[in-house]
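These notes are about the structure you will find just below.
Derivation of every value follows stated rules applied to the coordinates shown; laboratory data play no part. It should be emphasised that the depicted structure is a prediction, and the values quoted were computed from it without experimental measurement. Every residue, glycine among them, receives a Cβ derived from its backbone with ideal geometry; neighbour counts consider all protein chains shown.
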Amino acid sequence: MVLSEDEVKNLYRIRKTVLQMLRDRGYLVSDLEINNTIEEFKKEFDNFVGKDREDLVINKCKKDNPSEQIYVFFPSKRKVGVGEIKAYTKRMHSQKVFNAILVCQEKITEFAQRSITEISSQFHWVVFQENELLFNVTEHELVPVHQVLTDAEKNALLEKYTLEGTQLPKIQVDDPVAKYYGLKPGQVVKIIKPSETAGRYVTYRYVV
């Protein structure tokens, strides 16, 4: 189904947020892609075969590990079910891609969510509804800086303070910022907040 003018404008904003998200996760994304104007996007979109959400699919690799890739899918079906998840997973499996972002118009079906959970040990999915990506949550003035710790940094932190990860304050895996960075249970994120007395205040959260 050909999209309306308003839908194309919204998809421009959503795609820009997704590209920023991928770059913040360490994937190769150029400034040119992120700074693409609405006029340039419309021209590019007009050249797509189906002129539909499915044409917006993105495939990127990590800067420091080109073999680690991610797919971003934009289903055209309003209510995504098990069939779509299986089709996308089959495509990923054939190309040895194990990370994906799903950008949906509505909440996916319960069965689709169950399907994602069942394959979570091999394929890491993060599901967004389009309205969650109309703006970049990390650019909001009330959201402090979040830095995802590497495994080495996490281990050094826990060793320094003689802690188990579970003893740290928690952040839910479905927290908007956690979803933005694609955090997984067991990871630790460093949060830097401004402080009137110390200049900045640092805390850590354990992903659950």
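For the residue pair Glu33 and Ser120, what label-to-label distance in nm results when each label sits 7 Å from Cα along the Cα-to-beta-carbon direction?
About 2.7 nm separates the two model spin labels.
With a ≥ b ≥ c the root eigenvalues of the C-alpha gyration tensor of the stretch 1-150, is it rounded (a/c under 1.5), prolate (a/b larger than b/c) or oblate? Could you put the intermediate results ahead of the total?
Numbers: a/c = 1.39, a/b = 1.07, b/c = 1.30.
Rounded, because the longest to shortest axis ratio a/c is under 1.5.
Is there a pair in Lys9/Lys90; Lys9/Lys77; Lys51/Lys190; Lys16/Lys79 whose C-alpha atoms are over 29 Å apart, and which pairs would that be? Show your work: numbers first, answer last.
Values: Lys9/Lys90 31 Å; Lys9/Lys77 19 Å; Lys51/Lys190 41 Å; Lys16/Lys79 23 Å.
From Lys9/Lys90; Lys9/Lys77; Lys51/Lys190; Lys16/Lys79, over 29 Å: Lys9/Lys90; Lys51/Lys190.
Full-extension gain between Gln147 and Val208, please, as 0.36 nm times their residue separation minus the C-alpha to C-alpha distance.
Answer, rounded to one decimal: 20.3 nm.
Per 0.36 nm of contour for each residue apart, how much would the distance between Leu3 and Phe111 grow if the chain were fully extended, relative to their Cα-Cα spacing?
Details: separation 108, 0.36 × 108 = 38.88 nm, distance 2.74 nm.
Contour length minus the Cα-Cα distance gives 36.1 nm.
When a/c reaches 1.5 or more, the comparison of a/b and b/c decides; with that in mind, is the stretch 86-208 rounded, prolate or oblate per its Cα gyration tensor?
oblate
On a 0 to 90° scale, report how tilted helix 151-160 is relative to the longest principal axis of the chain, with both axes built from alpha carbons and the result rounded to the nearest 10.
The answer is roughly 20 degrees.
Angle check, please: helix 82-94 long axis (alpha carbons) against the longest principal axis of the chain (alpha carbons), in degrees 0 to 90, nearest 10.
The angle comes out near 80 degrees.
Can you bin the stretch 140-207 into rounded, prolate or oblate? Criterion: square roots of the alpha carbon gyration tensor eigenvalues sorted a ≥ b ≥ c, rounded for a/c under 1.5, prolate for a/b above b/c, oblate for the rest.
oblate
Which angle between 0 and 90 degrees, to the nearest 10, do you get for helix 5-24 versus the longest principal axis of the chain when only C-alpha atoms count?
Here the helix axis deviates by roughly 40 degrees.
I need Cys104, Cys61 ordered by Cβ neighbour count within 10 Å, fewest first.
Cys61, Cys104
Given Cβ point charges of +1 (Lys, Arg) and -1 (Asp, Glu) and nothing else, what value in debye, to the nearest 20, does the dipole of the chain about its Cα centre take?
Numbers: 31 positive and 30 negative charges, 101 e Å.
Dipole size: approximately 480 debye.
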